[in-house]
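Below is one structure; the comments refer to it alone.
Just so you know, all these numbers are worked out from the coordinates, no wet-lab data involved. Quantities reported herein were computed from a predicted structural model and do not represent experimental measurements. All Cβ positions, glycine included, derive from the backbone under ideal geometry; neighbour counts span all protein chains shown.
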Amino acid sequence: MFDFLTPANVILGLKIAVGAVTLIFLASTISILLKKKKLHGLLNTIFFALTMTAVIAFEVIIRFILPDLTAQFSPEAKRALGIHLFFSIPSALLLPAMLWTGKKHHRLHVPLAVVFSTLWIGTVVTGIFFLPHD
Ligand code: HEM
């Protein structure tokens with residue numbers, strides 16, 4: 001039933017998902033630069049929901065369906081995964097804080113946005129370009 005969930009397919013699917021939500025994040029950043037605060041909040045709430053759904057779906061897959069996802073990784077790919085996790089774990093942990101500070105704690109929101117954006121760019125670049133999907 002889960003035959004299509006090969007390591008290559010799962011990683012490629014995640015790359016596409018990360019690329020897609022990054023377009024939403026880009027649109028939300030453009031909207032705040034254009035001072036459209038409500039639109040920024042709406043786009044980022046969607047960004048948050050889709051990203052968290054992808055993270056949870058991926059966790060379920062690697063815990064229960066494909067626990068050996070990275071078993072065939074070369075030493076080089078394992079190093080790339082380590083670098084990717086350096087960015088992706090903190091950025092996933094920061095996401096709820098971004099939503100909360102955007103709504104309730106505006107003074108913290110922008111400094112945190114600088115940290116989050118750096119981590120997100122690192123996540124996207126190392127995830128899409130460094131990890132193997134074949
Ligand atoms: C490039 C990164 C980001 C920048 C520069 C940024 C900047 C801002 C600014 C300037 C505001 C207005 C705050 C105020 O009312 O004084 C804001 C509001 C908000 N931001 Fe962000 N933000 C970023 C990323 C995020 C992310 C990643 C999220 C959520 C996942 C988020 C969620 C929100 C929400 C919910 C609001 C409130 C919108 C409203 O009042 O209707 N932001 N942001």
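Testing the spin-label approximation: label points 7 Å from Cα along Cα→Cβ at A71 and I16. State their distance in nm.
Distance between label points: 2.6 nm.
Averaged over every viewing direction, what's the projected area of the C-alpha convex hull for the chain? Give it in nm², one decimal, please.
If you wrap the Cα atoms of the chain in a convex hull and average its projections, you get 8.4 nm².
Helix by helix, which DSSP H runs in the chain go 20 Å or more along their axis at the Cα atoms and have an average Kyte-Doolittle hydropathy of 1.0 or more?
7-33, 37-60, 106-125
Please compare each pair in K15/K104; K15/K38; K38/K104; K35/K103 to a cut-off of 25 Å on the Cα-Cα distance and tell me which ones are over it.
From K15/K104; K15/K38; K38/K104; K35/K103, over 25 Å: K15/K104; K15/K38.
Which whole-number percent gives the relative contact order of the chain, counting Cα pairs below 8 Å spaced six or more residues apart?
In percent, rounded to a whole number, it is 32.
With each run of n ≥ 4 DSSP H residues scored as -39500 (n - 2.57), what mean residue ellipticity at 222 nm is computed for the chain after dividing by its residue count and rounding to the nearest 500 deg cm²/dmol?
-26500 deg cm²/dmol
Taking the Cα centre as origin and putting +1 on Lys and Arg beta-carbons and -1 on Asp and Glu beta-carbons, what dipole magnitude results for the chain, to the nearest 20 debye?
Magnitude of the dipole: close to 920 debye.
Any idea how far apart H106 and I62 come out in nm if each label point goes 7 Å out from Cα toward Cβ?
It works out to 3.8 nm between the two label points.
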